[in-house]
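Notes for the one structure printed next.
Computed from the coordinates by the stated procedures, all read-outs in this text should not be read as laboratory data. No experiment lies behind these values; they were computed from the predicted model shown. Methodologically, a virtual Cβ is constructed for each residue, glycine included, from the backbone with ideal geometry; neighbour enumeration extends over all protein chains shown.
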Amino acid sequence: MNSELMEILDVLERERDISKAAIIEAIKNSLVTACRNHFKSADNINVDFNEETCEMHVIATKEVIELADDVMDPAIEISLDDAKLIKEDAKPGDFVEVEINSKEFGRIATQNAKNVITQKIREEERNVVYNQFLEKKRDVITGTVQRRVGRGYSINLGKTDALLPDSEIVPGERLKQGGRIKVFVIDVINTNKGAKITVSRSHPELVKRLFEAEVTEIKDGTVEIMNIAREPGSRTKMAVRSNNPNVDPVGACVGVNGSRVNAIVSELFGEKIDIINYSDNPGELIQNALSPAKIVNVFADPDAQTANVVVPDSQLSLAIGKAGQNARLAAKLTNYKIDIKSETQARDAYGFRIEDYYEDEDGEYTDEYAEEEYAGDGDGQDS
């Protein structure tokens, strides 16, 4: 029996990550519970368990009573004659330890003890799963689409299932039963029924984690993702910078022939991804964020977090994007409220020519007066 118990403990620890100590404690508690059910009391019960050999002994500490007829409660008292069989020098008022044969326990007591152990194993299994996925919170894991559940999908993660709510599904994305997908772990809550895990396919952090897994330079810290703006299922803009002057951050994320970014686009079922260079200069950052549109100039106010952008007349629609998407994502990425105008709109609204304020042919803006003049409401695109 001892060898069988030892083998069971090894299997539970190896296959279910349940510690031997937790099960041993459960066994001790179950024997105490059995004693309580059998003797109606267990205050004087102690369980001695040898973890190396799995030998266990249930010990009851009993008070020595001189005459057997005076023993009122055999669960906590023992006659002097019986006590001397255990301890020769025992005398009335002493306490002796008496080993209890667990085989004497009744069927109900034994069943209750079994239930205690079973319940403890279940609790430990739930705790193991909870702790395992708590470590994965705010990370990406791979799961299998199970079935439709209420307002969402059940995603099997191996040891447990997670909920992918409809609100976290990419618009237009069709999930097939049995299909494997990557999901972002939003939250992990421990409940009486086990870990409640909520995942997402639309969270911007999903894109970030996918790039961290795909791009070595991001994983080792050479390239940093500074910010991400995403409209799930349609387009994502991501600003990156390099901590090594010899490493092109955009090129590292794109990969040879677009291999890296294409792998992520494929995982996101064709969602477009724009990768831009991050800059501490707000004007330069906004200009990069509005890519692929060409920009004439940017007048940014860091205090108000606003920016007025002038683009060539032919680039206005491209800068704004379909349904305002390009401008909207640029605003989210830079945290600036962006007002976009064509050169014609800017000239009509502010009464000066933008090109008059370029110092050289490279288009470097130098005149502070023009920046003051270029501050007002117009009919450009706000995002």
Just list whichever of 182/237; 136/337; 176/219; 176/337 have alpha carbons separated by over 28 Å in the model shown. 136/337; 176/219; 176/337
Can you tell me how much longer the chain between residue 36 and residue 10 gets when fully stretched, taken as 0.36 nm per residue apart minus their C-alpha distance, in nm with one decimal? 6.5 nm
Return the loop-located GluC sites (Glu not before Pro) in region 12-105 (DSSP other than H, G, I, E, B) with at most 13 other Cβ atoms within 10 Å of their own Cβ; answer none if there are none. 51, 52, 55, 88
